[in-house]
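First up is the structure itself, then whatever we jot down about it.
The values are calculated or read from the model by the stated rules, or taken from the named source; none is laboratory data. A quick note: this is a predicted structure, and the numbers were derived from the prediction, not measured. Neighbour counts run over all protein chains shown; Cβ positions are idealised from the backbone, glycine included.
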Amino acid sequence: MKFTASCAELSGLKADSLVLPTGSELENSAETINQWANNIISSAILSGEFSGKSGQVLVLNLPESAIKRLILLGTDGLTNQRQVKKAVTAACAALNKTKSKTALWLEGGIADTIEAEASIVAQSINASLYNYKKYNGDIKPSLELLTFLTSDKSVTSAVDAGLLYGAAVGDGMNTAKQLGNLPANICTPSYLADQAVTLGKKKLNKASITTEILDRSDMQKLKMGSLLSVAEGSEEPPKLIVMNYQGTDASKKPIVLVGKAVTFDSGGISLKPGRGMDEMKYDMCGGASVLGVMNTLTQLELPINVVGIIPATENMPNGRATKPGDVVTSMSGQTIEILNTDAEGRLILCDSLTYAAKFDPETVIDIATLTGAVISALGKVASGVLSNDQQLANDLIESGTQSADPVWQLPLWEEYDELLKSNFADMANIGGPQAGTITAGCFLARYAKDYKWAHLDVAGTAWVSGANKGATGRPVPLLMAYIRQKSEANRD
Ligand code: BES
Ligand code: MN
Ligand code: ZN
């Protein structure tokens, strides 16, 4: 899929489809096109077929014209980036349905800047071309070229930058989606490690990327007793994947991303109920989003250093599995009474957070499908964010708004932390039935005291259930918006 910017006159152009964002009042190019196409748009508005309301899509064929069809996209009442993304996504879906090979997208002034608009279009196109079955196969999607049209020559470089960025974010989302959607008998910890190694071999121009895989014996040497206790009940060997992307001076402190990758969460001895258990193959989506970000970074080669740490394991019950009441010692030396083996995410993250300190991080962000409770609190709209640094939380909230991949903050107060009290260890791994997302965050905070840290609970946002069951690629747009923002300061 190729993207390009152009400010050519519409009259000289050929394409299978032209996407035209417009409200019910036809302005400038919309009016020009309307006249040139025998009032086809104003007639559709008069007849009520097209209202111009935000997100409405209407496909109009233009027989015997160099542009074979118009795809109208309603823009009236678009008030925030989430609505813009939803509308653009609807137009992309309609465009894909037409099987067009070439498309024109006319600037609609629908985002804060023209660069942001180009970026959201390219991201949505790439993300909407994703198809699980076709992903690795030879059946190619029809669309090959999208030209983003503007009337102003001075902005084409901003459009180019937006297209490049958005396309790379869309590709990163697709990486995360594919890994998330793969069944757990294929997408094992070893499979994820292989994917990371392959990505780490990519030759870059300005930046570099390397991958290191720690196996069980390495984890034993590091005394990662908590992470290892989760892997205990599984036949699949655990892997700790460490990716190091260097896009700027090695002396610059990295952003460290820690992604939970439980390739299947049966609950362990605290076995989950059978209904919907298949969806626990998605319990590695945090780790997949880190691989998605790494893929995007290798395309953009942003001037920033980013370390990705992905603890990957299954959570299974067998004769050697960890039992409720078992006490383990984490790499930090703190002991944990495991009251529920289904609260395993925090057990693999805590040792990864201790390990993260060795990179002398600027900030550490963990991404995890950690609690069902976050779905009760925030549904499928916002991810939860909890942080020991308000500036970092604010940065993530801002990046989430901008990228239409929103997060909402929950508190990490000591009243919640007290719920982790154990009679037999430094802490229990669960805090009881209330405020489950917060007590999980409080647990992690005990391992993140030496640096600025934020936790993203993406249990509600990383995948959708029901007829459209599948991974969403979130929070790759959010993480990339944050990383890109931070990289701006390193530009020369
Ligand atoms: N992976 C789950 C969280 C989850 C649940 C994600 C449902 C998406 C949908 C996590 O490992 C888990 O099992 N959490 C428990 C914690 C509880 C035992 C304290 C939960 O949320 O029920
Ligand atoms: Mn669990
Ligand atoms: Zn889990």
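Tabulated results
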| quantity | calculated |
| --- | --- |
| Residues that are modelled with pLDDT of 95 or more and among the small types (Gly, Ala, Ser), drawn from region 44-65 | Ala44, Ser47, Gly48, Ser51, Gly52, Ser54 |
| Single residue of Ser51, Ser100 found to be hydroxyl-bearing (Ser, Thr, Tyr) and surrounded by fewer than 19 Cβ atoms within 10 Å (Cβ to Cβ) | Ser51 |
| Hits in region 122-159 - residues which are under 19 Å from Glu488 (Cβ atoms) and in contact with a Ser or Thr (Cβ under 8 Å, 6 or more places away or on another chain) | Ala158, Val159 |
| Helices (runs of 4 or more DSSP H) enclosed by region 365-436 - at least 3 residues per element that are within 16 Å of ligand 2 (Cβ to nearest atom) and out of contact with any strand residue (DSSP E or B) (no Cβ under 7 Å at 6 or more places or on another chain) | 373-378 |
| Yes/no for Leu228 being more than 14 Å from ligand 2 (Cβ to nearest atom) and in contact with a Leu (Cβ under 8 Å, 6 or more places away or on another chain) | no |
| Strands (runs of 3 or more DSSP E) (entirely within region 294-346) containing at least 1 residues that are within 16 Å of ligand 3 (Cβ to nearest atom) | 305-315, 335-338 |
| Residue under evaluation Pro361, criteria (1) under 17 Å from Ile255 (Cα atoms); (2) within 16 Å of ligand 2 (Cβ to nearest atom); (3) not acidic (Asp, Glu), criterion not met | (2) |
| Helices (runs of 4 or more DSSP H) wholly inside region 167-281 that include at least 1 residues being surrounded by 22 or more Cβ atoms within 10 Å (Cβ to Cβ) and within 16 Å of ligand 1 (Cβ to nearest atom) | 189-200, 225-231 |
| Residues located in region 1-35, provided they are among the small types (Gly, Ala, Ser) and in a loop (DSSP other than H, G, I, E, B) | Ala8, Gly23, Ser24 |
| Selection count where residues are closer than 21 Å to Val84 by Cα and within 16 Å of ligand 3 (Cβ to nearest atom), scope region 367-401 | 1 |
